[in-house]
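One structure is given here, and the rest of the page talks about it.
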Amino acid sequence: MTKSRFEAGSEALASIDGADGQAVVDSLKDIAPDLGRWVVEFAFGDIYTRPQLDPMQRELVTLGSLVTQGDAVPELTVHINGALHVGISEEQVVEAILQCVPYVGFPRAINAVNVARKVFADRNVVQGD
């Protein structure tokens, strides 16, 4: 039996972003449940399940895109966690941000590094408990 877009997306979301991704979807239930469903079905069910890139490559591309936006702190937080979850190191996350500097400028890169700093600190506190 073929999985529905929602089922495939839910599995991809859980494998990449874990509880953080589901928290984003859940946060939309009371105001825009369709938006949460679209995140699961389209972004994760249709895009993240494509075989041409592995999860690490997809997260690096996603990080680069979010850094360029400059104002996507919640999304960047989720996807830095996702990147770490799929095996990208802290050093590689920072290097991906640095790779964006010539194209997006220093302010957006500095903002992204500050998000990364907080994510790394939060993860180290949780792992250290």
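Quick one: which residue in GLY70, GLY45 is within 19 Å of ALA23 (Cα to Cα) and in contact with a Gly (Cβ under 9 Å, 6 or more places away or on another chain)? Working first, answer last.
Values: GLY70 fails: within 19 Å of ALA23 (Cα to Cα).
Result of the check over GLY70, GLY45: GLY45.
Let's see how each residue does on (1) surrounded by fewer than 15 Cβ atoms within 10 Å (Cβ to Cβ); (2) within 11 Å of ALA112 (Cβ to Cβ); (3) touching a helix residue (DSSP H, G or I) at 6+ places or on another chain (Cβ under 9 Å):
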{"residue": "GLN52", "(1), (2), (3)": "yes, no, no"}
{"residue": "GLY64", "(1), (2), (3)": "no, yes, yes"}
{"residue": "VAL67", "(1), (2), (3)": "no, yes, yes"}
{"residue": "ASN81", "(1), (2), (3)": "no, no, yes"}
{"residue": "GLY87", "(1), (2), (3)": "yes, no, yes"}
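When ALA19 is tested against (1) surrounded by 13 or more Cβ atoms within 10 Å (Cβ to Cβ); (2) within 25 Å of ASN111 (Cβ to Cβ); (3) of a type outside the set (Lys, Arg), just one condition goes unmet, and that condition is (1).
Tell me yes or no: at least one residue of region 98-119 is within 16 Å of ASP20 (Cβ to Cβ) and either among the aromatic types (Phe, Trp, Tyr) or touching an Asp or Glu at 6+ places or on another chain (Cβ under 7 Å) (or both). Walk me through it before giving the result.
Applying the first criterion (within 16 Å of ASP20 (Cβ to Cβ)) to region 98-119 yields 115-116, 118-119.
Filter once more, keeping what is either among the aromatic types (Phe, Trp, Tyr) or touching an Asp or Glu at 6+ places or on another chain (Cβ under 7 Å) (or both): none.
No, there is no match, as no residue in region 98-119 is within 16 Å of ASP20 (Cβ to Cβ) and either among the aromatic types (Phe, Trp, Tyr) or touching an Asp or Glu at 6+ places or on another chain (Cβ under 7 Å) (or both).
Looking at region 2-71, the helices (runs of 4 or more DSSP H) lying wholly inside it that each contain 3 or more residues that are assigned by TED's automatic domain parsing to the domain that holds GLU90 sit at 55-69. Considering region 36-53, the residues that are within 15 Å of the chain's Cα centre (by Cα) and in contact (Cβ under 8 Å) with a residue 40 or more places away in the chain include one that is farthest from VAL86 (Cα to Cα), namely GLY45.
Select, from VAL101, VAL115, VAL125, VAL119, the only residue that is at pLDDT below 95 and part of a helix (DSSP H, G or I).
Working: VAL101 fails: at pLDDT below 95; VAL115 fails: at pLDDT below 95; VAL119 fails: at pLDDT below 95.
None of the other options fit; the residue is VAL125.
Residues LYS29, LYS118: which one is of a type in the set (D, E, K, R), surrounded by fewer than 16 Cβ atoms within 10 Å (Cβ to Cβ) and in contact with a Gly (Cβ under 8 Å, 6 or more places away or on another chain)? Only one candidate qualifies: LYS29.
What do you reckon, is GLY64 in contact (Cβ under 8 Å) with a residue 12 or more places away in the chain, more than 14 Å from LEU13 (Cα to Cα) and under 13 Å from the mean Cα position of the chain (by Cα)? When the stated conditions are applied, GLY64 passes them.
The values are calculated or read from the model by the stated rules, or taken from the named source; none is laboratory data. Predicted, not measured: the structure shown is a model, and the values here were computed from it. Cβ sites come from the backbone with ideal geometry, for glycine too, and all protein chains shown count toward neighbours.
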